[in-house]
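Comments concern the structure below.
The values are calculated or read from the model by the stated rules, or taken from the named source; none is laboratory data. These numbers were taken from a predicted model, which means no experiment stands behind them. Note that each Cβ is placed from the backbone with ideal geometry, even for glycine, and that neighbours are counted across all protein chains shown. Heavy atoms of the whole protein, side chains included, go into the accessibility calculation; ligands, DNA and RNA do not. Shrake-Rupley method; radii C 1.70, N 1.55, O 1.52, S 1.80 Å.
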Amino acid sequence: METLESGPYTLAYLDIAPDDGRRREIIDGGLYVTPSPSRIHQRAVVQLSSTLNVARPAGFEVLVAPFDYRPTSKRSLQPDVLVCNPDEHGAKHAKKPLALAVEILSPSTKMLDLLLKRGVYEQAGVRSYWILDPDKVTLTVLELVDGAYLERDVVAGEKVFEATLPFPVQVIPAELLRAP
């Protein structure tokens with residue numbers, strides 16, 4: 001992950017930023033640029049988004065990065081996988097609290113995902129935040145309770161996670177990472 005020094009950056013910058021395959025996120029004037037993800041990262045994104053899409057009730061929408069979630073006028077994030085609530089159908093980016101944000105850890109984004117983004121999602125009212133760690137083959141599930149994230153579960157390997165939020169779905173961490 002690269003943090004560019006000059007700034008502060010605004011959301012207007014994202015409209016003119018070069019399309020060079022790197023993800024750009026802005027949090028309170030700071031610009032965070034990450035390289036293209038690895039094969040295992042992309043595999044997990046595809047598998048999880050497919051699993052969620054099959055299980056989603058009418059009205060919910062499952063999207064993947066690079067799609068912007070802009071909870072404030074100074075923040076734009078791109079969760080690896082996100083689920084928008086039925087009342088959120090903005091064409092360009094999501095603004096309302098997400099039903100689910102998922103980040104898949106990689107060496108270049110691990111600290112950003114575990115610390116900074118966790119706090120931003122929590123402040124924004126994202127109901128559920130999942131963190132998939134490909135190295136440990138674990139899925140950590142956080143759910144918003146009284147404005148703060150509580151760890152609901154940490155599921156490893158072939159264990160089945162029975163999600164209730166954002167909707168009922170079964171997720172097995174090892175299956176998300178398995179090569180075809």
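For the range 5-45, the tally of residues that are modelled with pLDDT of 85 or more and basic (Lys, Arg) stands at 3.
Collect the residues in the range 86-110 that are open to solvent by 30 Å² or more (accessible area, probe 1.4 Å) and free of Cβ contacts under 8 Å to residues at least 40 places away in the same chain, keeping them in residue-number order. Correct list: PRO86, ASP87, HIS89, GLY90, ALA91, LYS92, HIS93, LYS95, LYS96, PRO97, PRO107, LYS110.
Strands (runs of 3 or more DSSP E) fully within the range 1-90 that include at least 1 residues being among the aromatic types (Phe, Trp, Tyr): 30-34, 69-72.
Scanning the range 31-51 turns up one or more residues that are open to solvent by less than 30 Å² (accessible area, probe 1.4 Å), free of Cβ contacts under 8 Å to residues at least 40 places away in the same chain, under 17 Å from LYS110 (Cα atoms) and not small (Gly, Ala, Ser).
When the range 104-131 is filtered for residues that are of a type in the set (A, V, I, L, M, F, W, C), closer than 23 Å to GLY157 by Cα and either modelled with pLDDT under 95 or in contact with a helix residue (DSSP H, G or I) (Cβ under 6 Å, 6 or more places away or on another chain) (or both), the ones remaining, listed by number, are ILE104, LEU105, MET111, LEU114.
For the range 135-147, check the following and say yes or no: at least one residue is of a type in the set (Ser, Thr, Tyr) and open to solvent by less than 20 Å² (accessible area, probe 1.4 Å). No, the range 135-147 contains no residue that is of a type in the set (Ser, Thr, Tyr) and open to solvent by less than 20 Å² (accessible area, probe 1.4 Å).
Looking at (1) part of a loop (DSSP other than H, G, I, E, B); (2) closer than 25 Å to ARG70 by Cβ, which one does LYS159 not meet, given that it meets all the others? For LYS159, the failing item is (2).
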